[in-house]
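Contents: one structure, followed by commentary.
The values are calculated or read from the model by the stated rules, or taken from the named source; none is laboratory data. Note that the structure is predicted; figures quoted are calculated from it, not measured. In this analysis, Cβ positions are derived from the backbone assuming ideal geometry, glycine residues included, and neighbour counts consider all displayed protein chains.
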């Protein structure tokens, strides 16, 4: 170019063109190194992309604006976190039982935020198109934000309650936490397109209202100002992540017809994988919140059955149908939370949060929300266990449960059409028999057996002697679970004792 | 006199998380940096091998030849976590925005000599692609690096490089009246101009480098160690005689950033080198090899701007980098 001449008369760029110059315009096709060496993971999943430039940026955010908005949100969030700590905000929650939802969140969900950060960094490096790469990088740093701000938000609770003290360590070892852990490692170990289908679409777009939101709404309903402030602060990030999820699906579907069956299979897989993970949320919503937001069944109806219908109608023009086994999930909605909470009640000796039996008032609520199932199937169980407790014979399940090889949840779920019969499925692979909780989990295994035979199944590992020792106490020590403090029922726990003292002190002051 | 607000005093049962207490050697109040940095990454017991690298675990220390007993020694001396990082950058950006709006409003860049404006087009604007390469390289370190200490800071560096690429592009958009022609020309130069090819060649070689720690050395220590002093100091100074002072406020962000990021780079290299002679040998070897490459890559660029003074300028930068590297305990 010759800079001596005045710039030729050209039209000024539109905002969209300007954004393109500031993002995808930065990329180039390499010539000193072959493109397939620079981007080695572009093809191996079988997804065909003919024109990366057809990618529509789901949001237009340059780094100057990103830094500015995010810094503003961080300033506000940390001001609230500090004020919460200074004023002992934990005293204002509805009841100390609520904190158990936070324990589940910090040990089960926050580590996933970190995994998402690394997963998006991977895709943010390896997608061929610079536009989607930038969207992924922004999500990568957002997810780091969420992991870090959650740790900072919960830090105050950790000072006063048990079970929050070693989240990462527990996430990697404790039996029920292998459910979320294996879910996310399944996604991160997949190729970049499947990762985005799994996390951006299935998890963030389709299911986020059933995962992230119930925890945050639970915080709002139960007086937890710190956590709900985090939730509000993350909301605009989540909105960006959701638009990325929808955009990547549409992009793959529009690029080549041959992508449709691949994407459909991923949607089927990740719907079921995500739904199984939500089993933990279902019990949180129905049993762990002292003040409930809505029942699991209501949430499922609103956020999956209704919202999902609209979404999949919209995607049907690409040849995409609703995820396989969605009807099984709907059949299970009246029993899921009860089956799961009962299991944790059975294994309270090995959980890093407290359990309890629902009070009479809570059972009345559950009867109202689950008129067809609760009184018939689950109330009698709770009443029986309550009787046993009163006689000083609290029921513990002393045997380790069989786990589903895919979702790693104990085999506690029941036949889709018969809630009184446990559902068992199995398949043989290379001379070994593998067990599953459902057709959904079996299908996932059978499509990629080489992947799932690698599953690190906590119960198998305990029996093989890889978890600290042969006695339960050895295993719990290996989990870093403080025996007699983190585990067992809420009643009689150090959490309860202190909470009652704090409340007594407060009411004494009030005179 | 002091006033005293009466509050209920409630004794905390513990001061920090267990993993942090073990690292600090006692349960004592921990910084926000420590609480949100230590142990975020899983280090053992993985379920599935990545289908994209089945010879490794999802996170695997064997992805570099550097060996550390504890990867958390690669601390960030700036102690950035997401909150402090974004707040620091938004402050720097606030100052940059003032400079940009001044330059736009007063058309300050039109006062630069036409010759020199041409040089700015040709030496500064193609660097947006260099920055994009650095973005990809730091993204790679975030992806396959080991431990939350280094990967977290690499994530911040990833976004920094995108931000800087965008700032350079905005200079172009001021120079071309918001039409984007300067950016298209800069891309042509990056792709085809002989002066840029050795640098682009080196950047593309970095993009396929398997060892992420070597990549860290090549990109963040060596190449940045040449490009930043050369462009934002030497070229900037050379422009003063041609009215180029008007450009300086627009690249002040980069000069400040380089000073800041060097603290991180130096901290990481020092900690890794301190661990063993084997690490020091690796780091020294990489530094030497990439320094030779960088001299070769920036020389044509320096010649196009500084003419006869180029060799001396590059030699001076090389010598300063050598001093810096020796200060970090390596051989230059």
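Determine which single condition residue B:10 fails, assuming it passes every other condition in (1) surrounded by 15 or more Cβ atoms within 10 Å (Cβ to Cβ); (2) facing chain A (nearest Cβ under 9 Å); (3) within 24 Å of residue A:187 (Cα to Cα).
The failed condition is (3).
Can you pull out the residues in region A:190-221 that are surrounded by fewer than 24 Cβ atoms within 10 Å (Cβ to Cβ), assigned to a loop (DSSP other than H, G, I, E, B) and over 14 Å from the mean Cα position of the chain (by Cα)?
Once the filter is applied, which keeps residues that are surrounded by fewer than 24 Cβ atoms within 10 Å (Cβ to Cβ), assigned to a loop (DSSP other than H, G, I, E, B) and over 14 Å from the mean Cα position of the chain (by Cα), region A:190-221 yields only A:191.
Under the condition of being more than 8 Å from every other protein chain (Cβ to nearest Cβ) and free of Cβ contacts under 8 Å to residues at least 40 places away in the same chain, which residue from region A:70-86 is farthest from residue B:10 (Cα to Cα)?
Here is the first cut: in region A:70-86, the residues more than 8 Å from every other protein chain (Cβ to nearest Cβ) are A:73, A:76, A:79-86.
After this cut, where a residue has to be free of Cβ contacts under 8 Å to residues at least 40 places away in the same chain as well, the list is A:79, A:82-83, A:86.
Numbers: A:79: 21, A:82: 16, A:83: 15, A:86: 11 Å.
Per the criteria, the residue is A:79.
Restricted to region B:99-113, and to residues that are surrounded by 14 or more Cβ atoms within 10 Å (Cβ to Cβ) and farther than 15 Å from residue B:245 by Cβ, which residue is nearest to the other protein chains (Cβ to nearest Cβ)?
Here the answer is B:100.
Where residues in region A:18-57 are within 7 Å of chain B (Cβ to nearest Cβ) and closer than 30 Å to residue A:447 by Cα, which of them is farthest from the chain's Cα centre (by Cα)?
Checking each candidate, the answer is A:37.
If you scan region A:70-101, which residues turn out to be in a helix (DSSP H, G or I) and surrounded by fewer than 15 Cβ atoms within 10 Å (Cβ to Cβ)?
The answer is A:72, A:75, A:76, A:79, A:82, A:83, A:86, A:92.
Looking for whichever is at pLDDT 95 or above, within 27 Å of residue A:177 (Cα to Cα) and under 22 Å from the mean Cα position of the chain (by Cα) here; the options are B:93, B:37. Which one fits?
B:37
Failed condition for residue A:121, given (1) at the interface with chain B (Cβ under 8 Å from one of its Cβ atoms); (2) under 24 Å from residue A:214 (Cβ atoms); (3) surrounded by 24 or more Cβ atoms within 10 Å (Cβ to Cβ), with all others met?
The single condition residue A:121 does not satisfy is (2).
Which members of region A:124-135 meet the condition of being crowded, with 24+ Cβ neighbours inside 10 Å and at the interface with another protein chain (Cβ under 9 Å from one of its Cβ atoms)?
Of everything in region A:124-135, those that are crowded, with 24+ Cβ neighbours inside 10 Å and at the interface with another protein chain (Cβ under 9 Å from one of its Cβ atoms) turn out to be A:124, A:125, A:133, A:134.
For residue B:43, are the conditions met, namely being within 12 Å of another protein chain (Cβ to nearest Cβ), surrounded by fewer than 20 Cβ atoms within 10 Å (Cβ to Cβ) and under 23 Å from residue B:268 (Cβ atoms)? Before the answer, list the steps.
Details: within 12 Å of another protein chain (Cβ to nearest Cβ): yes; surrounded by fewer than 20 Cβ atoms within 10 Å (Cβ to Cβ): yes; under 23 Å from residue B:268 (Cβ atoms): yes.
Criteria met by residue B:43.
Kindly indicate which of B:230, B:125, B:207, B:183 is within 8 Å of chain A (Cβ to nearest Cβ) and over 30 Å from residue B:60 (Cα atoms).
Only one candidate qualifies: B:183.
Taking residue A:28 and the conditions (1) assigned to a helix (DSSP H, G or I); (2) without any contact (Cβ under 8 Å) to a residue 40 or more places away in the chain, which numbered condition does it fall short on, given that it satisfies the others?
Going through the list (1) assigned to a helix (DSSP H, G or I); (2) without any contact (Cβ under 8 Å) to a residue 40 or more places away in the chain, residue A:28 breaks only (1).
Just give me the residues in region B:179-196 being in a helix (DSSP H, G or I) and crowded, with 17+ Cβ neighbours inside 10 Å, in sequence order. Let's see the steps before the verdict.
Residues of region B:179-196 that are in a helix (DSSP H, G or I), as a first pass: B:181-192, B:194-196.
Result: B:181, B:182, B:183, B:185, B:186, B:187, B:189, B:190, B:195, B:196.
Could you tell me whether any residue of region B:48-62 is farther than 27 Å from residue A:454 by Cβ and surrounded by 19 or more Cβ atoms within 10 Å (Cβ to Cβ)?
no
Is it true that some residue in region B:57-75 is within 25 Å of residue B:282 (Cβ to Cβ), facing another protein chain (nearest Cβ under 7 Å) and either at pLDDT 95 or above or outside any helix (DSSP H, G or I) (or both)?
Yes, region B:57-75 contains at least one residue that is within 25 Å of residue B:282 (Cβ to Cβ), facing another protein chain (nearest Cβ under 7 Å) and either at pLDDT 95 or above or outside any helix (DSSP H, G or I) (or both).
For region B:76-94, what are the residues that are crowded, with 18+ Cβ neighbours inside 10 Å and in a loop (DSSP other than H, G, I, E, B)?
B:76, B:80, B:81
Kindly indicate the residue of region B:25-40 that is free of Cβ contacts under 8 Å to residues at least 24 places away in the same chain and surrounded by fewer than 16 Cβ atoms within 10 Å (Cβ to Cβ) and also nearest to the other protein chains (Cβ to nearest Cβ) among those meeting that condition. Talk me through it step by step, then tell me what you get.
Filtering region B:25-40 for residues free of Cβ contacts under 8 Å to residues at least 24 places away in the same chain gives B:25-30, B:34-35.
From the residues that got through so far, the ones that are surrounded by fewer than 16 Cβ atoms within 10 Å (Cβ to Cβ) too are B:25-26, B:28-29.
Numbers: B:25: 16, B:26: 14, B:28: 12, B:29: 10 Å.
Across region B:25-40, the extreme among qualifying residues is B:29.
Can you find, within region A:87-111, the residue that is nearest to residue A:164 (Cα to Cα) among those that are within 11 Å of another protein chain (Cβ to nearest Cβ) and within 16 Å of the chain's Cα centre (by Cα)?
Residue satisfying both the conditions and the ranking: A:106.
List the number of the failed condition for residue A:11; all other conditions in (1) within 11 Å of chain B (Cβ to nearest Cβ); (2) surrounded by 13 or more Cβ atoms within 10 Å (Cβ to Cβ); (3) part of a loop (DSSP other than H, G, I, E, B) hold.
With (1) within 11 Å of chain B (Cβ to nearest Cβ); (2) surrounded by 13 or more Cβ atoms within 10 Å (Cβ to Cβ); (3) part of a loop (DSSP other than H, G, I, E, B) applied to residue A:11, the lone miss is (2).
Mind counting the residues in region A:426-450 that are surrounded by fewer than 19 Cβ atoms within 10 Å (Cβ to Cβ), touching a helix residue (DSSP H, G or I) at 6+ places or on another chain (Cβ under 8 Å) and closer than 18 Å to residue A:186 by Cα?
So the count comes out to 1.
Give the residues of region A:58-69 that are closer than 22 Å to residue B:134 by Cα and either crowded, with 20+ Cβ neighbours inside 10 Å or more than 7 Å from every other protein chain (Cβ to nearest Cβ) (or both), sorted by residue number.
Result: A:60, A:61, A:63, A:64, A:65, A:66, A:67.
Mind checking which residues of region B:289-313 are over 19 Å from the mean Cα position of the chain (by Cα) and surrounded by 16 or more Cβ atoms within 10 Å (Cβ to Cβ)?
Result: B:299, B:300, B:301, B:302, B:303, B:304, B:305, B:306, B:310, B:313.
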